[in-house]
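Below is one structure, written out as structure tokens, with a few remarks after it.
The values are calculated or read from the model by the stated rules, or taken from the named source; none is laboratory data. Just so we're clear, the structure is a prediction, and the values are computed from it rather than from any experiment. FYI the Cβ positions are ideal-geometry reconstructions off the backbone, even for glycines, and counts take in every protein chain you see.
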Amino acid sequence: MATSGSKIKNAKLVLLGDVGTGKSSVVLRFVKGQFVEFQESTIGAAFFSQTLAVNDETVKFEIWDTAGQERYHSLAPMYYRGAAAAVIVYDITNPASFTRAKKWVQELQAQGNSNTVMALAGNKADMLEARKVSTEEAQTYAQENGLFFMETSAKTAINVNDIFYEIAKRLLVQAQPPPNPAGMILTDRSDQRSATSTSCCS
Amino acid sequence: MDSSSSSHLPEPNFYDFLRRMRSPASADLVRAIKSFIVSFSLHTIDAENDSRKLQDFLMAMETNIRKHPLWINCTDEERDTAVEGLEKYVMTKLFNRTFASSPGDAKSDMKISKKICLLQQFIKPDHLDVPKVLQNEASLLYAAKELQKINAFKAPREKLLCIMNCCRVINNLLLNVSLSTNHMPAGADDFLPTLIYVIIRANPPQLHSNLKFIQLFRWQSKLVSEVEYYLTNLLSAESFISNIDASSLSMDEIEFKKNMHPAATQVTLSESSCAVESQVCEPNSILESLGETVITRRSPDKGTQLEGNNYPFLDKEAENLSSEDVQSCLGYISKWCPGTRHYLKLFISLI
């Protein structure tokens, strides 16, 4: 299905962010906006897939959305387990959503895989007059925590493709050094299986 | 959920699998399958171990089928169909051994079912953040009905299909609402609360055991991507419901405790009445308006789900029934289908 000579690498990407930050709108922009010939995309209500070509390689993102409400916060680990990438979204007009984003970053750093590529997205970048979180503040935070940062707008599409393109590039670079004879496995399923099974047996 | 998605479940033709297995050329495969099934009876029951054995077997058989003369010029889909058929055949044979086999399974099922039973009495969509626009009674009941079918199947793939169908109904509701109203598509912020609400409405039989069974015995190469995402949603919903408290519903502590106290509701928490109550408290008229004769059709599930199997006599031959089996079977028939005396007569004539 892919263009000849290139292999598709699957990458699980988890989407974290407070309610109302527009995280699914960002993804919808990305998924609907891409047009790659002969490539399929999935547009569901909460699961999306999209392929992205980077040079002569192709990354297939499998995007897992999570519920942003505080009451569902404790369920997030079930979703980000084994993710190759995480996009943490906040709303630049809502400081509380930025605080919440930082909480997720900490959590991912504490529990997640250190290889997970993390991106911080300040969404609603078109609403400049209502801005409450400065670019500098977020940029500094991102630098200190080893994330890459972009301000996006699902409305105007600013930086939306760029953030996914950058993640794809980083995933490919990360995957290159150790030559893996079994192919590229970006989603680690083995730890998930053992983890779920231990919880099953009471 | 797009039907063109690469992760959609194919519709394997089980009869094609059986037909190929009857061919003399597949005698080696049949031998391998039979000895695999027999090998299970030589070990003590251990869910983890059984799962590993099945997954290894499916993987080995996939390789065998790939180079087998019967499948030599086949497409990948046709080979997948063969492994799907194999999963269904083997797991149907091993169902009684592998389903809800751990000592804690029945207890967990009962615990969550009782909890849901109490929640059904007072929970409102708003407690879970289900937006008003999504409170579409017909769609939600339709989704619940898909989940309630789960015990009508033994194969992991078919059980998983019930889950996928339920999620598909919710998905369509979400997509339609975002197209027809000003409601912005909110992804999982809308999906998960709606799913949890649907699960509470449905109180699906043996929720814990069914999810565990799918996780352990569904062919791992197919438990990926979109399917894995929706199964994860079910698992996280199960976890949410098991740990539900006043704060997770933004409720007053005292009010929550009062509601969760069995005596405060009409529900008497004797083992069987809970499950019956859970089914009965649905507004039947709406289900009937969807063209379903729900009450008569679903009633056999009510009590029998507590015994661990919805249809305890489904795969029994008449000559294999013991006198106790006959007694209890007659009990079921007269209990659930009081008006079907001719079935009783037919049954008696068989023995």
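Would you pick out the residues in the range B:161-190 that are over 23 Å from A:TYR72 (Cβ atoms) and under 9 Å from the mean Cα position of the chain (by Cα)? Across the range B:161-190, the qualifying residues are B:LEU161, B:CYS162. When B:ARG168 is tested against the conditions (1) free of Cβ contacts under 8 Å to residues at least 40 places away in the same chain; (2) surrounded by fewer than 21 Cβ atoms within 10 Å (Cβ to Cβ), the lone failure is (1).
Would you mind stating whether B:LEU211 is within 8 Å of chain A (Cβ to nearest Cβ) and of a type in the set (A, V, I, L, M, F, W, C)? Spelling it out, it is not the case that B:LEU211 is within 8 Å of chain A (Cβ to nearest Cβ) and of a type in the set (A, V, I, L, M, F, W, C).
Scanning the range B:178-202 for residues that are more than 21 Å from A:GLY17 (Cβ to Cβ), free of Cβ contacts under 8 Å to residues at least 60 places away in the same chain and assigned to a helix (DSSP H, G or I) yields a total of 4.
Conditions tested, residue by residue: (1) among the basic types (Lys, Arg); (2) away from every other protein chain (no Cβ under 14 Å); (3) surrounded by fewer than 24 Cβ atoms within 10 Å (Cβ to Cβ).
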site	(1), (2), (3)
A:GLU57	no, yes, yes
A:GLU62	no, no, no
A:THR66	no, no, no
A:PRO77	no, no, yes
A:TYR80	no, no, yes
A:ALA84	no, no, no
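If you go through the range A:102-138 and keep only what is within 25 Å of B:GLU228 (Cα to Cα) and in contact with a strand residue (DSSP E or B) (Cβ under 7 Å, 6 or more places away or on another chain), you end up with A:TRP104, A:VAL105, A:LEU108, A:THR116, A:VAL117, A:MET118, A:ALA119. For the range A:34-44, check the following and say yes or no: at least one residue is within 8 Å of chain B (Cβ to nearest Cβ) and modelled with pLDDT of 95 or more. No. Scanning for something β-branched (Val, Ile, Thr), touching a Ser or Thr at 6+ places or on another chain (Cβ under 9 Å) and buried (at least 22 other Cβ atoms within 10 Å of the Cβ), does the range B:210-224 turn up at least one residue? Looking through the range B:210-224, none of the residues is β-branched (Val, Ile, Thr), touching a Ser or Thr at 6+ places or on another chain (Cβ under 9 Å) and buried (at least 22 other Cβ atoms within 10 Å of the Cβ). Restricted to helices (runs of 4 or more DSSP H) entirely inside the range B:90-176, those with at least 3 residues that are within 14 Å of chain A (Cβ to nearest Cβ) and over 21 Å from B:LEU249 (Cα atoms) are B:103-120.
Taking the criterion of being surrounded by 21 or more Cβ atoms within 10 Å (Cβ to Cβ), farther than 14 Å from B:GLN220 by Cα and not small (Gly, Ala, Ser), the residues of the range B:66-90 that qualify are B:THR81, B:VAL90.
Close Cβ contacts (under 6 Å, 6 or more residues apart or on different chains) running from residues in the range B:221-237 that are small (Gly, Ala, Ser) to residues that are outside any helix (DSSP H, G or I) and surrounded by 21 or more Cβ atoms within 10 Å (Cβ to Cβ) comprise B:SER225/A:GLU62. Taking the conditions exactly as written (surrounded by fewer than 19 Cβ atoms within 10 Å (Cβ to Cβ) and at pLDDT below 95), does B:ASN259 satisfy them or not? Judged against the criteria, B:ASN259 is a match. Being facing chain B (nearest Cβ under 9 Å) and closer than 24 Å to B:LEU128 by Cβ holds for only one residue in A:SER24, A:SER49, and it is A:SER24. Name the pairs whose Cβ atoms lie under 7 Å apart, with the first residue in the range B:63-75 and among the charged types (D, E, K, R), the second surrounded by 10 or more Cβ atoms within 10 Å (Cβ to Cβ), and 6 or more positions between them or separate chains? Listed pairs, sorted by first residue: B:ARG66/B:ARG79. Selection of the range B:234-247 for residues being buried (at least 20 other Cβ atoms within 10 Å of the Cβ), within 18 Å of A:GLU70 (Cβ to Cβ) and not hydroxyl-bearing (Ser, Thr, Tyr) yields B:ALA237, B:PHE240, B:ILE244.
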